[in-house]
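Following: one structure in structure tokens, then a few remarks.
The values are calculated or read from the model by the stated rules, or taken from the named source; none is laboratory data. Not measured: the values here are computed from a predicted model. Every residue, glycine as well, gets a Cβ built from its backbone with ideal geometry; the counts of neighbours run over all protein chains shown. Remember, those area values only see protein heavy atoms, side chains included, never the ligands or the DNA or RNA. Shrake-Rupley method; radii C 1.70, N 1.55, O 1.52, S 1.80 Å.
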Amino acid sequence: MQPDQAVETTGGVSRETTGRVSRETPMNTATETTEWPSPWDDDLPLAREAQRAVKVLNPAGDVSMPRPGRRRVMGVANQKGGVGKTTSAVNLAVALALHGNRVMVIDLDPQGNASTGLGVEHGAGTPSIYEALIESVPLAEVTQQVEGIPNLVCAPATIDLAGAEVELVSVVAREHRLERAINNYPFELDYILIDCPPSLGLLTVNALVAAKEVLIPIQCEYYALEGLGQLLRNIELVKVHLNQQLQVSTILLTMYDKRTKLADQVEQEVRSHFGDVVLKSVVPRSVRVSEAPGYGQSVMTYDPGSRGATSYFEAAEEIAVRGAAMGAN
Ligand SMILES: Nc1ncnc2c1ncn2[C@@H]1O[C@H](COP(=O)(O)OP(=O)(O)O)[C@@H](O)[C@H]1O
Ligand SMILES: [Mg+2]
């Protein structure tokens with residue numbers, strides 16, 4: 001941990017849990033379970049970092065996030081590129097899987113960044129989500145186990161997916177291909193996170209039809225909310241015509257730079273507009289988060305003691321607690 005990062009925490013408890021998270025909120029269980037035990041001197045940044053790493057990696061399997069009453073399918077969408085869709089899909093999936101949930105990541109972006117970030121094979125010729133969508137190959141035949149994360153599988157994207165947007169146009173039930181693939185998947189899952197491309201074309205529509213929930217990452221930067229209206233209108237269109245159950249259940253603020261006033265303004269604006277849908281945990285801008293994909297890893301395993309890993313752990317915990325509260329309906 002860098003010396004300046006140590007200032008961000010108070011006694012090992014993150015800013016989110018000491019600051020804006022009220023202990024009276026319904027998220028009580030989430031915040032209570034994020035208290036760090038203190039077997040070491042909390043004043044030592046290294047000890048704190050080690051404690052965080054143990055909590056995030058969960059080697060003994062004793063930290064579990066509640067499982068939902070039914071499988072949750074979440075499309076991670078925002079038609080802006082570079083807002084943290086892939087980073088969030090990958091890290092939330094790993095966090096949930098490391099803590100007792102069975103998770104699938106579907107890489108629906110032809111760039112294949114989620115596949116890269118999870119270290120799964122996605123070179124040309126690899127069975128991928130393209131075959132599942134266009135050629136009706138069962139999803140179970142294209143998913144791969146993510147190395148080192150027993151409860152996590154990934155349906156990778158290869159370069160073939162770049163053509164799918166056009167090819168889908170003439171395919172039967174073109175908006176329902178992903179939904180069908182998911183519904184025919186024979187193994188039990190708690191979460192399916194779909195990493196959408198930065199557009200509102202047929203691939204994203206397939207995700208919005210297959211999902212019940214949309215998770216929108218919002219970057220705490222200039223123009224963060226630009227284009228959001230268009231995404232929300234599209235979600236509404238899909239809801240009216242194709243998938244009545246669809247709802248924006250989760251908004252995650254990413255790349256928060258606490259040194260800028262702007263990040264704070266964006267946060268306030270998003271919270272006042274979207275209320276409780278916005279997760280209390282905020283993902284800071286962190287070099288460690290951006291380095292991790294270069295090693296085919298999530299930040300959860302690349303640097304589990306870092307602030308980035310801790311914030312994704314906390315966000316995943318909030319998502320899990322909400323999911324458990326939703327019950328089986
Ligand atoms: N919290 C963060 N701190 C620093 N860099 C980040 C963070 N989240 C994402 N990035 C980097 O920003 C870029 C865009 O993120 P990405 O998740 O790929 O966005 P999207 O999928 O929306 O295009 C990537 O290079 C990623 O590594
Ligand atoms: Mg992406």
* **Glu167, Glu226, reordered so the largest accessible area comes first (probe 1.4 Å)** => Glu226, Glu167
* Surface share of carbon and sulfur [accessible, 1.4 angstrom probe, percent] for the chain -> 53
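How big is the Rg/Rh ratio for the chain, C-alpha atoms only, Rh by Kirkwood, two decimals?
Details: Rg = 19.0 Å, Rh = 19.9 Å.
Result: Rg/Rh = 0.95.
Gain in length, Phe274 to Thr260, computed as 0.36 nm per residue apart minus the alpha-carbon separation, to one decimal in nm? Provide the component values of the computation, followed by the final result.
Numbers: separation 14, 0.36 × 14 = 5.04 nm, distance 2.18 nm.
The span from Phe274 to Thr260 would gain 2.9 nm if fully extended.
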* **Taking the chain and dividing mean pair separation by its residue count, relative contact order in percent (alpha carbons under 8 Å, at least six apart)** => 25
* DSSP-defined beta bridges in the chain - what % are antiparallel, rounded to 5 -> 10
* Structure fact -> Relative to the chain, whose Cα atoms define the longest principal axis, helix 307-326 and its Cα axis are tilted in degrees, nearest 10, by 60
* Asked: In straight Cα distance, which lysines are under 26 Å from Lys80, not counting same-chain residues fewer than 8 positions off?
  -> Lys212, Lys239, Lys258, Lys261, Lys280
* Asked: Just the accessible area per residue of the stretch 219-329, please: how many Å² with a 1.4 Å probe?
  -> 48
* Structure fact -> Per the charge dipole of the chain (beta-carbon charges, Lys/Arg positive, Asp/Glu negative, Cα centre), the residue among Gly229, Ala140, Gly100 reaching farthest to the positive end is Gly229
* To do: Could you state how much accessible area Phe187 has, in square angstrom rounded to the nearest 10, with a 1.4 Å probe and all protein chains kept in place?
  => 120
